[in-house]
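Everything on this sheet refers to the single structure shown next.
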Amino acid sequence: MVKQKWQEIRSLTSVKQLAWWWAFRGSMIFAMIAGAMRPTYKLTDTLQVLANFAGMFAWEIFQLFPKKSFVRLIPSYVQNLSVVLIFGASFCGYFLNFYYDLVWWDWMLHALGGAGLTILGYEVAVCLQKKHKTTVPMSIILLCAAGFSFMFGTIWELFEFSFDQISLIGGTVGDAQHWSLALAENTPKIRTLFAPVDPTRWPLMDTMGDIVLNTIGCVCASLFLKFNPYHHKNKAEQTTA
């Protein structure tokens, strides 16, 4: 049964795609092993990388859903982008400490993430059209795509908050949300998108900056889709897109 399912998934992908995915997945495996060997090892470090690593298998997980589920229709090429974003966030940002060494790294990822989630929202809306064999006006598709981006952008902020809160309750210190001004001091991370004015507002400015950048990415991707709706180029394609 497992072999049959693997062959089914494999038939929907190419060797190049698999090689692309596993190049980034391999780096995450290295991060988990190397992180566990660090003198300053923290369980929260490994758990955060592990959670992001699992996200690199989202498309394969979708293929395990019942055949009638619309997520089975999501194209595999969507994961080509998502593994890069996860790699940039977890391996580069967290493991290599780019979040604190490069002030613009987090800003870039949030803008790209907002755009990527909008594209994914568009793909989800297209899959729902296919499942229900119907056509939806492009204006509604764009609204759904933007809503999808905002929803998951918010879920991500909730995940970071919950991860840090659980870490504190467990007696360790997590910094997924970048809530600690003390950790940011004397690093480029001390700069936020908006000047905090009052140092106690630094965590708020960091979170709000993330949301603003998510929004900018979403708007840019929405404009791209408006002028280049690649699944809805003409009415003939709309009925089957």
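The values are calculated or read from the model by the stated rules, or taken from the named source; none is laboratory data. What you see is a predicted model, and the numbers here were worked out from it, not measured in a lab. We place every Cβ from the backbone using ideal geometry, glycine too, and count neighbours over all the protein chains shown.
Asp106 passes all but one of (1) touching a residue at least 24 places away in the same chain (Cβ under 8 Å); (2) closer than 20 Å to Trp20 by Cβ; (3) crowded, with 19+ Cβ neighbours inside 10 Å; which number fails?
(2)
Given the criterion more than 19 Å from Ile29 (Cα to Cα) and touching a residue at least 40 places away in the same chain (Cβ under 8 Å), identify the matching residue among Glu123, Glu60.
The conditions single out Glu123.
Could you check segment 23-50 and list, in sequence order, the residues that are under 17 Å from Val84 (Cβ atoms) and either of a type in the set (Lys, Arg) or touching a helix residue (DSSP H, G or I) at 6+ places or on another chain (Cβ under 9 Å) (or both)? Give the steps one after another, and end with the answer.
First, the residues of segment 23-50 that are under 17 Å from Val84 (Cβ atoms): 23-31, 49.
Within segment 23-50, Ala23, Phe24, Arg25, Ser27, Met28, Ile29, Phe30, Ala31, Val49 meet the criteria.
State whether the residues of segment 118-139 include one that is among the aromatic types (Phe, Trp, Tyr) and over 18 Å from the mean Cα position of the chain (by Cα). Break it down into steps so the answer makes sense when it comes.
From segment 118-139, those among the aromatic types (Phe, Trp, Tyr) are 122; that's our starting set.
Checking which are over 18 Å from the mean Cα position of the chain (by Cα) leaves us with none.
Scanning segment 118-139, I find no residue that is among the aromatic types (Phe, Trp, Tyr) and over 18 Å from the mean Cα position of the chain (by Cα), so the answer is no.
Taking helices (runs of 4 or more DSSP H) that do not extend beyond segment 165-241, which have at least 2 residues that are at pLDDT below 80, surrounded by 15 or more Cβ atoms within 10 Å (Cβ to Cβ) and within 20 Å of the chain's Cα centre (by Cα)?
Details: elements: 181-184, 202-227, 235-238.
Correct list: empty, since no element meets the threshold.
For every residue, the table says whether it meets (1) at pLDDT 95 or above; (2) of a type outside the set (Lys, Arg); (3) surrounded by fewer than 16 Cβ atoms within 10 Å (Cβ to Cβ).
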residue: Tyr77; (1), (2), (3): no, yes, yes
residue: Tyr94; (1), (2), (3): no, yes, no
residue: Ala111; (1), (2), (3): yes, yes, no
residue: Thr135; (1), (2), (3): no, yes, yes
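Within segment 33-52, can you find the residues that are in a helix (DSSP H, G or I) and in contact with an Asp or Glu (Cβ under 9 Å, 6 or more places away or on another chain)?
Applying the first criterion (in a helix (DSSP H, G or I)) to segment 33-52 yields 33-36, 43-52.
Residues satisfying the conditions are Gly35, Ala36, Thr44.
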